[in-house]
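Below is one structure; the comments refer to it alone.
Values quoted throughout were computed directly from the atomic coordinates according to the rules given, and no laboratory measurement underlies them. Note that the coordinates shown come from a computational prediction; the quantities given were computed from them, not determined experimentally. Please note: Cβ atoms are built from the backbone with ideal geometry, for glycine as well, and neighbour counts cover all protein chains shown.
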Amino acid sequence: MPQQHGQVLTAECVSKLYRRGSEQVAALNDVSLTVNRGEILACVGPSGSGKTTLLNILGCLENPTSGRVKVYEQIIVDEKKRLSEWALTKIRRQVFGYIFQKFYLIPTLTVSENVMLPFVFYRKHDAPADVDSILRFVGIEHRKYHLPVQLSGGEMQRVAIARALVNKPSVLLADEPTGSLDSTRTEEIGELFKQLCRTEGIAIVLVTHNLHFAQIADRIIELRDGKLSRPS
Amino acid sequence: MTIVHIACKNLLRKKVRSLLTMFGIALSAWVLISLFGFNAGYESSLNRDIDSLGYQVLVTAKGCPYEAATLMLKGGTGLRYMPQRIADAIAQESEVEAVTAMLMHTVFDPNKGESGGYSAYLGVDPTTFPKMKPFMEFMHGGWFTQPDALEAVLGYEAAELEQREVGDLLLITEKNIEVKVVGVLKRTGTQDDGTIFLPLRTVQQIFGVTDVLTGIGVKLKHEADITRFEEKMYRLPDVQVVTMSQVKQTIMTLVTTAKVIVLSIALIAVLISMTGVMNTVLMSVMERRQELGILKALGATSLDIFMLIWLETFVLCVLGSCFGAVVAVTTSALTDMLVRNILPYAPRGGLMQISMPLVVMTVGTVTGIGLVSGIYPSWQAGRVRPLDAIRSQEE
């Protein structure tokens, strides 16, 4: 599925409605955007503006109520079609790497085991070499046998990034990746993201409150009340 | 790293909970193995006891069949006497290969134990009895020199209890008569070990009960129809016939009743431990919903998650049941001793017979039931949607 050039992700007129009691709330309202290969797209906006919902829909973790989402040229969901859970799992494996604000590392597994996790499910055999090179890339190789509880916040986020990169994704989706980090670590992560785009050609969609951090992006979009207030 | 590795690490996360669940499973396996081991051991020891009687049919004077069965297996005084001529009549039957006449008598011995006790003397025919029990071997001495000699042959345990050796005298208290010990038998593992044998005629003379018997052991020819022979015996006045199979059946009926109750308790124990397994795994799934959601976001399929949780159940059940099996095997001697003290009648030899197929079958069954109880939590885990799971613990 991954291709060398062009649009990686496309969202067309995407809306997402939630029911809160008898009331219907629009988390996203008619949002359209594209993400290109090798670019960083930052999504900013106040809390509850729909940033995370947009990220989840783009990452095939959630279905929109209406609209169309395409990964490369494949339609993931539109009015007529919705892919099966198995097909979505396959796309998640092949295309996406996810980074969450709270890292979500498995506490019982060491750093290298956490990074290796996606391989367990893909049943790939060349995992250890890949893991070592990625740990080196994110600068955490010396901590490979440590448990998450022994790491600092910045180190944990690097592990989470390594885990997201291990299956060589074409799109990295990062939800508040620096939310738990100090300014120095935030800078480091920003540099790492830019390096990934340059060297690997990975497209990065990041959701952040931190406008300073958002400056690393090639494009910034702003969401307010589920609508794009600054067009992409 | 494999999915098994992850499953094992997950189980180590809550060590006490995993250990307690394993303990429950071990308990079920232990109870089941001990119960089935007892069943097999009891039956085989009972068979061995009955086979070593040397005769297939015991003819006694009419009385309670249960007491007759006890008399046949454990020895003891007969309730009633029957005329000695019946033995000659039975010997004439075409199905009969050999008969041996027996007269048992007990006397109270005030010097036995702390408050006295009964000593039993079995009068046997020195010409027919040894032929019917060819497996009996002497440790010292031999059989009686005369059919009416004042002599005794002691079973292995009787000799130890009475503290007598060949050449010693043995006092029959009530009658104040001494008999000379002429032989001590080797251990046979049967009730004969605790018996004091005297010549039949000597017992009749000492206790003044001439021409009567308490039992006649009958060995039938191989081709004989035992049921037909039994019917013939019932035509004789005042006798009852106890066949080996009847004795087995009578005792096994009593034992089976107890066994059914114990088996029911064991099944309840298995059910409880399996509910424990389901509860533990389900609780673990609930606690790790977010983590399972992350695994799905990382590319795990529903089947992967199902297998991960099911593997955890499998590891718990296999380790628990193996541990239970080890405990059952290592404590079998202790269980044997405890059960023997509880049972009203226990045959000689081991009551517990734990074989490898029994262990494998029980471990397999317990693991199988455990796996079935793990299906629901695993299915629940497999159904977790990545985002719902992540959100559920953020809220």
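Straight Cα distances below 15 angstrom link B:Lys248 to the aspartates and glutamates B:Glu43, B:Asp49, B:Asp51, B:Glu67, with same-chain residues fewer than 8 positions distant left out. At an R0 of 25 angstrom, the distance between the Cβ atoms of A:Lys227 and A:Asp78 translates into a FRET efficiency of 0.80.
For the cross-link pairs A:Lys70/A:Lys194; A:Lys16/B:Lys296; B:Lys219/B:Lys259, the ones whose C-alpha atoms lie over 29 Å apart are B:Lys219/B:Lys259.
Place +1 on the Cβ of every Lys and Arg and -1 on the Cβ of every Asp and Glu in the stretch A:72-157, take the dipole about the Cα centre, and give the residue among A:Asn114, A:Met156, A:Leu88 whose Cα lies farthest towards its positive end. Ranked along the dipole, the leading option is A:Leu88.
Out of A:Lys80, A:Lys102, A:Lys168, any idea which swings most in a Gaussian network model of chain A, alpha carbons joined below 10 Å? Checking each option, the largest mean-square fluctuation is seen for A:Lys80.
For the protein assembly as shown, the mean projected area of the C-alpha convex hull, equal to one quarter of the hull surface, is 42.8 nm².
Ordered by the number of other Cβ atoms lying within 10 Å of each residue's own Cβ, fewest first, B:Trp379, B:Trp143, B:Trp30 fall into the sequence B:Trp379, B:Trp143, B:Trp30.
Rounding to the nearest 20 debye, state how big the charge dipole of the protein assembly as shown is about its Cα centre with +1 on each Lys and Arg Cβ and -1 on each Asp and Glu Cβ.
Values: 63 positive and 62 negative charges, 553 e Å.
I would put it at about 2660 debye.
Counting helices only, and only those DSSP H runs with n ≥ 4, report the 222 nm mean residue ellipticity of the protein assembly as shown as the sum of -39,500 (n - 2.57) divided by its residues, in deg cm²/dmol to the nearest 500.
-15500 deg cm²/dmol, from helical runs alone.
The rule of thumb for compact globular proteins, 2.2 N^0.38 Å, goes into the C-alpha radius of gyration of the stretch B:293-395 1.68 times. Per residue of peptide A:91-104, the mean number of Cβ atoms on other chains within 10 Å of the residue Cβ is 3. Ranking of A:Cys43, A:Cys197, A:Cys13 by neighbouring Cβ atoms within 10 Å, starting from the fewest: A:Cys13, A:Cys197, A:Cys43. Legend: Rg and Dmax of chain A, from Cα coordinates, 17.4, 54 Å.
Computed over the Cα atoms of the stretch B:81-237, the ratio of the radius of gyration to the Kirkwood radius (Rg/Rh) comes to 1.00. In the elastic network of chain B, a GNM with C-alpha springs shorter than 10 Å, the most mobile of B:Arg48, B:Arg17, B:Arg348 is B:Arg17. A Cβ-based charge dipole, computed about the Cα centre of chain A with Lys and Arg at +1 and Asp and Glu at -1, lands at about 480 debye. Near the amide H of A:Ala26, within less than 5 Å, lie the amide hydrogens of A:Tyr18, all on another chain or at least 5 residues away, with H placed in the peptide plane.
Note on B:291-297: average number of Cβ atoms from other chains within 10 Å of each residue's Cβ is 6.
For chain B, the spread of Cα coordinates along the three principal axes comes to 97, 46, 33 Å, biggest extent given first. Out of B:Pro147, B:Ser264, B:Ser332, whose Cα points farthest toward the positive end of the dipole of chain B (charges: +1 Lys, Arg; -1 Asp, Glu; placed on Cβ)? So the residue furthest toward the plus end is B:Ser264. Relative contact order of chain B: 29 percent, from C-alpha pairs under 8 Å at least 6 residues apart in sequence. By other beta-carbon atoms within 10 Å, ranking A:Asp175, A:Asp130, A:Asp30 with the fewest at the front produces A:Asp30, A:Asp130, A:Asp175.
This model, with +1 at the C-beta of Lys and Arg and -1 at the C-beta of Asp and Glu, gives chain B a dipole about its Cα centre of some 1660 debye. Projecting the Cα atoms of B:Asn111, B:Thr367, B:Ala40 onto the charge dipole of the protein assembly as shown, computed from C-beta unit charges around the Cα centre, puts B:Thr367 farthest toward the positive end. Starting from the stretch B:286-344, pick out the chymotrypsin sites (Phe, Trp or Tyr not before Pro) whose DSSP state is loop and whose Cβ has at most 12 other Cβ atoms within 10 Å. Passing both the DSSP loop test and the Cβ count: no residue. Across the stretch B:230-282 the C-alpha pair distances fall into 5 Å bins from zero in the proportions 5, 16, 11, 11, 10, 9, 7, 7, 6, 5, 4, 3, 3, 2, 0 percent.
Helices meeting the span-like rule in chain B (full DSSP H runs, Cα extent of at least 30 Å along the helix axis, mean Kyte-Doolittle score of 1.0 or higher): B:244-287, B:302-330. Taking chain A as a Gaussian network, where each spring joins two C-alpha atoms under 10 Å apart, which residue of A:Gly179, A:Gly201, A:Gly21 fluctuates the most? Looking only at A:Gly179, A:Gly201, A:Gly21, the biggest GNM fluctuation is shown by A:Gly21.
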